[in-house]
Each structure stands twice: as C-alpha cells, then as structure tokens.
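In what follows, a structure is listed as structure tokens, so that the remarks can point back to it.
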Amino acid sequence: MHEMSLAHGMMQQVLALLREHGAERVTDVTVLLGPFSGVVAESFAFGFEVLKKSETCFQDATLHLELPDPHYRCLECGVETSLPLTRSATFLDPDCETSTSSRCPVCASTRLSPLGGAELILQQVRME
Ligand SMILES: [Zn+2]
C-alpha cells in the first residue's frame with residue numbers, strides 16, 4: 001500500500017524533529033493532503049494507526065488531516081476558482097481534469113485545469 005510508505009516517511013520526519021528538540025513523545029501531527037496528491041486519506045490514517053504501535057513515542061499521537069478544496073484555472077476565461085469535489089471521486093480518479101463535472105463560476109466552461117494540490121506536507125507537530 002502506497003499510503004503506508006508515505007505514512008512511514010512522514011513519521012520518520014517527525015522522529016527526526018523529536019530528536020532535534022529532545023522531546024520524548026508526539027501528541028499531535030497535522031498533515032496537509034493536497035486534493036490531487038493521489039493519497040487516500042483513509043488509507044494514510046490507517047497506515048499511521050498501524051505504524052504508531054511500533055514506535056513508543058507515537059503511542060498517544062493523534063493524526064489530523066487537512067484536506068483543502070481543489071483549485072482550478074478555467075482554460076476558457078482564465079479565472080482561478082476553488083471548487084469542492086466529492087472526495088471519493090477525487091481519490092478514485094486522480095485525473096480530476098476529466099472526471100470533474102464542475103463548471104467555471106464565470107463562464108460555465110467545464111475546461112478546468114487543476115492548480116497545484118499534489119502536496120503532502122507535514123504542517124505541525126506537537127511533542128512533549
Ligand atoms: Zn471560465
């Protein structure tokens with residue numbers, strides 16, 4: 001599972017921070033998952049739950065996922081817009097440009113091109 005290795009990589013980052021700060025345990029981890037990252041949030045959270053059992057300092061850690069709405073640029077009129085997508089549709093088909101039925105709020109074109117949103121960012125870590 002792709003998300004399992006992503007969760008593992010993220011936890012390695014957190015562990016490095018933990019050592020850097022001389023802290024003993026992690027209480028909260030906030031991760032931003034871009035709508036076009038291709039990462040299934042549920043699977044990522046599951047991977048985290050499984051992996052945290054093997055790391056003492058993660059035992060009480062809570063994962064917070066931020067899932068921002070996707071942003072698009074209209075290919076007809078150039079306006080940039082943020083449109084909520086149904087999450088499951090996004091995840092099932094990462095090629096959102098063709099799967100979205102959303103329309104430009106200005107000219108009603110369906111030719112919307114995704115802007116960014118492919119990121120997986122470790123945003124905040126709380127430790128003790
Ligand atoms: Zn438009």
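The values are calculated or read from the model by the stated rules, or taken from the named source; none is laboratory data. Remember, it's a predicted structure, so these values are computed and weren't measured experimentally. Every residue, glycine as well, gets a Cβ built from its backbone with ideal geometry; the counts of neighbours run over all protein chains shown.
Per the listing GLY78, GLY22, the residue uniquely modelled with pLDDT of 95 or more and within 16 Å of the ligand (Cβ to nearest atom) is GLY78.
Selection of the range 103-128 for residues being within 18 Å of PRO70 (Cα to Cα), part of a loop (DSSP other than H, G, I, E, B) and within 13 Å of the ligand (Cβ to nearest atom) yields ARG103, CYS104, PRO105, VAL106, ALA108, SER109, THR110, ARG111.
Here is a yes/no grid of residues against (1) without any contact (Cβ under 8 Å) to a residue 12 or more places away in the chain; (2) among the hydroxyl-bearing types (Ser, Thr, Tyr); (3) in contact with an Asp or Glu (Cβ under 8 Å, 6 or more places away or on another chain):
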| residue | (1), (2), (3) |
| --- | --- |
| PHE46 | no, no, yes |
| SER54 | yes, yes, no |
| GLU66 | no, no, no |
| VAL79 | no, no, no |
| LEU83 | no, no, yes |
